[in-house]
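Written below as structure tokens is the structure these notes are about.
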4 protein chains.
Amino acid sequence: MILRLQIGTPAASVSELRAFIEGQGLRTFLSPEPTRPILAIVDRVPETLANQLAARPEVEQSIVPRGEWRLVDRAWREHPTSVSVGSVRVGAGESVVIAGPCSVEGRELILEGARICRDGGAHILRGGAFKPRTSPYAFQGLGREGLAQLKDAGQSVGLPVISEIMDATQVDAFRECEIDCLQVGARNMQNFTLLKAIAGAGRPVLLKRGLSATVAEWLAAAEYLAAHGSEQIILCERGIRTFETATRNTLDLTVLPLLRQWTHLPILVDPSHAAGIPELVAPLSRAAIAAGADGVAVEVHPRPDQALSDGAQALLPGELTQVVAECRVVGAALGRGFHRQPPLPAVQAGV
Amino acid sequence: MILRLQIGTPAASVSELRAFIEGQGLRTFLSPEPTRPILAIVDRVPETLANQLAARPEVEQSIVPRGEWRLVDRAWREHPTSVSVGSVRVGAGESVVIAGPCSVEGRELILEGARICRDGGAHILRGGAFKPRTSPYAFQGLGREGLAQLKDAGQSVGLPVISEIMDATQVDAFRECEIDCLQVGARNMQNFTLLKAIAGAGRPVLLKRGLSATVAEWLAAAEYLAAHGSEQIILCERGIRTFETATRNTLDLTVLPLLRQWTHLPILVDPSHAAGIPELVAPLSRAAIAAGADGVAVEVHPRPDQALSDGAQALLPGELTQVVAECRVVGAALGRGFHRQPPLPAVQAGV
Amino acid sequence: MILRLQIGTPAASVSELRAFIEGQGLRTFLSPEPTRPILAIVDRVPETLANQLAARPEVEQSIVPRGEWRLVDRAWREHPTSVSVGSVRVGAGESVVIAGPCSVEGRELILEGARICRDGGAHILRGGAFKPRTSPYAFQGLGREGLAQLKDAGQSVGLPVISEIMDATQVDAFRECEIDCLQVGARNMQNFTLLKAIAGAGRPVLLKRGLSATVAEWLAAAEYLAAHGSEQIILCERGIRTFETATRNTLDLTVLPLLRQWTHLPILVDPSHAAGIPELVAPLSRAAIAAGADGVAVEVHPRPDQALSDGAQALLPGELTQVVAECRVVGAALGRGFHRQPPLPAVQAGV
Amino acid sequence: MILRLQIGTPAASVSELRAFIEGQGLRTFLSPEPTRPILAIVDRVPETLANQLAARPEVEQSIVPRGEWRLVDRAWREHPTSVSVGSVRVGAGESVVIAGPCSVEGRELILEGARICRDGGAHILRGGAFKPRTSPYAFQGLGREGLAQLKDAGQSVGLPVISEIMDATQVDAFRECEIDCLQVGARNMQNFTLLKAIAGAGRPVLLKRGLSATVAEWLAAAEYLAAHGSEQIILCERGIRTFETATRNTLDLTVLPLLRQWTHLPILVDPSHAAGIPELVAPLSRAAIAAGADGVAVEVHPRPDQALSDGAQALLPGELTQVVAECRVVGAALGRGFHRQPPLPAVQAGV
């Protein structure tokens, strides 16, 4: 149950109400929302108490939750939230493009990839150092060294970086390498131990939807992060598993406008993994922006045919430019801006 | 196998080649394409013969088919095809909007609905007279009388009309009522008897994708129409069945750009049935246009809460206006025009 | 709503109650159950009326329906029902095996197939004459001639026959050829025109589950048959469409015990179409019997590699013998008998 | 590629062959199979080399792998393997029943549950101490204390115990509490960090199939365990996610006989999670045994309505007895024995 109190309710009244509720053995959270006190009760509220709470004068609106989440519910904040990844704000009304190779494959390659992404107009550099591969014999990533290379590459072109974390024991490496955003992959969406561990890492988290996760499960997974202290959560739709075999997955844009009603979190879309075919990435990126996404995450590789993982779906440099241009123009038609790229580092800016 | 011959190949050579192939016991079709002779072989071609055919000087390109279809394959025509529904051309580069209630529920209501659709900017009026309802006790439609009412309503506002046909025995009623386009519903996509029956009706057909049909099955169903004489086929994506229960179905926009590579047929998208929630229809319509659809088909009802079927997902008149406006603006951003509405009938045009 | 009245309620009281209900504008059905009067109300019953009806002294039990069906609900009959196909009773506690080729491919072949099925221990001969094929260029069946050949083959070995009907216009052919049971295929499960047409044909109907139909939709389709006059309905689970590609479909045995609670209709299982691999048919047949099926329907072909359709999944004659033996032994362990084969025709019985 | 060498090939020849292959830059494994040398090459083998290897006299059979697995492939061993959990052998031709509550909820309750399982005829006691719950606010399990209670309960009735491990950091607790078998849950099937961590723990692992994992992905996950040192792997089918909502999941028994052809690992079935309805558990258990499972894992609770998790699907004590009896009788009909229960601990055995 979420209780949206009257604007201006004195802090003392809020505390009193909260104490009263907790006195009934129910756990509560207080929203960080500055403009209005909002309380969430995470346990099941008996009907009589619910009616009693709803009738209190300081309660403007009481909301029966749609599922197992409270702190990521739309009603938890006055406005949709945004998340800063380095100097890039995701969810603040301007489209954002994350780009980069599937894996960090070596210093030269990731530097080259970073320049392509910078030149192509992207805002955040992606690259996997710990790779969840179906086969134990496939390339598993460069590990900590890959993180360091990614960070260096990002800094060389002035872009913040994002990489996938697979296990709680990797948190230190991500912190030491100053990875700007931690990605939780589709296979780990319900790895609750991992979610708890990174919730306290003080870094933004991009939470991909599980391969066959319902929206309700996805938001409950995001709630794990929020309940354990994270306020910087980005959702990322990446295609779900269906019977269709012509594409790698089925991008579920249907839930995008629904998510806007259900949660205040920013939402990105990854068309590369969904389609598995480079030619589909640009049209699906346009469609994602049109459906209301805050941006897209795409795979780019200097030479896709030599990539160590997922090369078949990676964009060529010129294709990235096209994706960026089309996201920009579709967004503009709908009144959505396009984020400025972060400034170039001093040495490259010509100093 | 599809053989695209050199432009300018003399008709006699084409006939000779065709006779040669049929002499091997293989069935062939000759494309109506005016600019270039194109032959399809529908039976399996032995490898030696395939190599032999590919090597002939008049064969510019020989194409191994992707599935069980030939006449609806992209390679069967030089350019994507368009289909005329009354005076409205679907697939000619300008977005088209089909709108109307789920069912024709009576003369007054469908006239009111027609005016709303006309005023809202739609091009074609939809309305079901034969309704495939899950329950035998639910409203099954007004039948032939419904078709007549729909046609009258369409004429009163100058819009061509489309309605669902459920059985071969209904073809005459559709012809007599001059229904401009026959819709084959999702449940009947693989009703092959029906497909054969309507292929020869000389009317455009809108073929909805089955609830869990693969793209390959969908195109094979379209091939049934083409192989039995229909050249006026429109595909319509309407959402597929997945595990997600937050929306009625999952709109599969992922296959839209793929279909552009695989077939020359025009493609519409029905976001109303996919989402099942009116608030999602506008964003999904925008996304469909951005992904490359030739237009959308949406449900509209003067008073959704009183509809006899599917009212919960119908748009209000004002919401239709918004859908039309947004399809227009997104299309414009991507260089796609918006079809002009057909002229008003003389009496309404003020004559 | 289903009203199970007290045993012994006088017919006059039943008529009076029914008239009262219909007087409220609600449609009713009276069960053919001889031991107890049972009434079904097919329209939505307002809550006050529902309470009023439930409280009447002659009403022993009032049941809120689980879905869109009444006449096929378990509560509609005192005991599960059985259906006679020729002299074979399906659903009377003894396992039944339907066997035969996918298609009737000619007089000699179907006669040979019939002998194999008879010798292998099957009770009913199957064979398709009208074939729903994905491709318009694939073998579409021998049509009416195929039905006649199938009937002759069945008679030559003393087995009743079953074949798929695809369209209402084919009903006469099925009647004239004396096909003992009409099969509605998965693609036509929601072809409501067809269901209405064959409901009055006076023949048993085997209704296959749609490729991605929920149990609720399947029972509603069966209700179409029942509401239009058929009392001889057999359900057949044949695998549903999932993301798994290692097998053709996923046999859904999970719903079998559920169906026993929800409906009084007999239930068969077709493991051949579900698996698509002959080696899986015997273990899945055993599993079906163990899960509570009334029998199985399997594909058998004298020479699977020469079959015109679905040969890859057909059993060899010896494999049919194994399926029959295993169904018999698993059934026996669970207290379920195995139906006796119908008597051989006089001439073959050695007369 | 898997190379099955001639029985009796001298160890020196095997070493020489292996060295030759590794000299080509390919990684190999040597099977622990005592009766025959079997080599697996895990990297992609160029066609020329493959032909060359297949033609060597000591190679009896060379097998192109069906997917990303080698060490769990059927061809890796002469016979299907079995795994000892305490004194209970899983996969040695005798059915095994795992039973217990979803969660360990306290010392008294798990002791009571253990007695019920013992009396009901089960062989292994299950109980969750670390619970992967969809909601962060739901009961998350008793943790290490729960493991200790589970072990004590198992010892008090002479049954080995199994519990779910969610994270690599928990391995020590499982070892110290002497948990006999580590369960990897469906949500963690592709938690590759976890798989690597427990592969070296020297304990049997029960690997549940992911909620929407293909068989190929499941076996690749098992290969992670095998490639990192585990030889004691049990697979457990627990239902997959489909569109059907009448049951919690769809139990995929279709793949059971397929798995027998593809892998040498023992296979259990969990009908409780698949169905989510207690009445379905007995028929599905029978079906699983009939389809060829090595046993079943079911949820049992003394008082299901008071369970802290998944109570709705738990069996009552008497229902467990029925499941055991039916698995026994169906197995017996098919020539499969039923494992003896482990001996009672001395004090309970009446000493």
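The values are calculated or read from the model by the stated rules, or taken from the named source; none is laboratory data. Computed from a predicted model, the values in this text were never measured in an experiment. Virtual Cβ from ideal backbone geometry, glycine too; neighbours counted across all protein chains shown. Keep in mind that these areas ignore ligands, DNA and RNA; they rest on the heavy atoms of the full protein, side chains included. Shrake-Rupley method; radii C 1.70, N 1.55, O 1.52, S 1.80 Å.
Some observations on this one:
- Angle of helix C:107-120 to the longest C-alpha principal axis of chain C, folded into 0 to 90 degrees and rounded to 10: 70°.
- Within region C:1-84, trypsin sites (Lys or Arg not before Pro) in DSSP loop having at most 16 other beta-carbon neighbours inside 10 Å: C:R27, C:R44, C:R66
- Drop in accessible area of at least 10 Å² in the complex versus isolated chain, residues of region D:246-271, 1.4 Å probe: D:A246, D:T247, D:T250, D:L251, D:D252, D:L253, D:T254, D:V255, D:P257, D:L258, D:Q261, D:W262
- Taking every C-alpha pair closer than 8 Å and separated by at least 6 residues, the mean separation divided by the residue count of chain C gives a relative contact order of 18 percent.
- Cα Rg, Dmax (largest Cα-Cα span) when computed across region B:29-92, Å: 14.4, 48
- Rounded to the nearest 20, the Cβ-based charge dipole of the protein assembly as shown about its Cα centre (Lys and Arg +1, Asp and Glu -1) stands at 0 debye.
- In the protein assembly as shown, helices alone account for a calculated mean residue ellipticity at 222 nm of -10000 deg cm²/dmol, with every DSSP H run of four or more residues adding -39,500 (n - 2.57).
- Dipole axis of region B:83-338 (+1 Lys, Arg; -1 Asp, Glu on Cβ), positive-most option in B:V104, B:A213, B:G295: B:A213
- Cβ neighbours within 10 Å from other chains - mean over B:164-171: 3
- Axis angle, to the nearest 10 degrees, between helix B:144-157 and the longest C-alpha principal axis of chain B: 80 degrees.
- Evaluated with a Cβ-only charge set (Lys, Arg +1; Asp, Glu -1), region B:250-351 carries a dipole of roughly 440 debye about its Cα centre, given to the nearest 20.
- Computed on the Cα atoms alone, the convex hull of region C:90-132 gives a volume of 70 cubic angstrom per residue.
- Buried on assembly, region A:187-236 (at least 30 Å² less accessible surface than by itself, 1.4 Å probe): A:R187, A:Q190, A:N191, A:F192, A:T193, A:S212, A:T214, A:E217, A:Y224
- Surface per residue (accessible, 1.4 Å probe) for chain B, Å²: 34
- DSSP-loop GluC sites (Glu not before Pro) across region D:114-205, with at most 16 other Cβ within 10 angstrom: D:E178
- For region A:2-64, the dipole from Cβ point charges (+1 on Lys and Arg, -1 on Asp and Glu) about the Cα centre works out to 60 debye, to the nearest 20.
- Across the protein assembly as shown, the convex hull enclosing all Cα atoms gives 231 Å³ per residue.
- Rg to Rh quotient for region A:2-64, alpha carbon positions, Kirkwood Rh: 0.91
- When a 1.4 Å probe is rolled over the protein heavy atoms, the share of accessible surface on chain D that falls to carbon and sulfur comes to 50 percent.
- Per the accessible-area calculation with a 1.4 Å probe, the total area buried between chain D and chain A rounds to 3000 Å².
- The antiparallel fraction among DSSP beta bridges confined to chain D stands at about 35%.
- The other copies place their D:E47 label points at 1.0, 7.2, 7.2 nm from this one, listed shortest first, where each point is 7 Å from Cα along Cα→Cβ.
- Distance between region C:41-80 and region B:171-234 - C-alpha centres, whole angstrom: 40
- Taken along the Cα-to-beta-carbon direction at a fixed 7 Å, the label points for D:S15 and C:L30 span 9.2 nm.
- Compactness relative to 2.2 N^0.38 Å, alpha carbon Rg of region A:94-181: 1.03
- Inter-part distance where region A:95-110 and region A:298-330 are each reduced to a Cα centre, Å: 10
- For chain B, the longest principal axis of the Cα atoms and the long axis of helix B:281-291 meet at an angle of about 20 degrees.
- Computed Rg/Rh of chain A, alpha carbon atoms with Kirkwood Rh: 1.00
- Using all pairs of distinct alpha-carbon atoms, the Kirkwood hydrodynamic radius of region A:236-291 works out to 11.5 angstrom.
- Applying the Karplus relation 6.51 cos²θ - 1.76 cosθ + 1.60 with θ = phi - 60° to region A:208-224 yields 3J(HN,Hα) values of 6, 6, x, 4, 9, 7, 6, 4, 5, 6, 5, 5, 5, 5, 4, 5, 4 Hz, where x marks Gly and Pro.
- Interface burial in region D:64-101, defined as at least 40 Å² less accessible area with all protein chains than with the chain alone at a 1.4 Å probe, covers D:E68.
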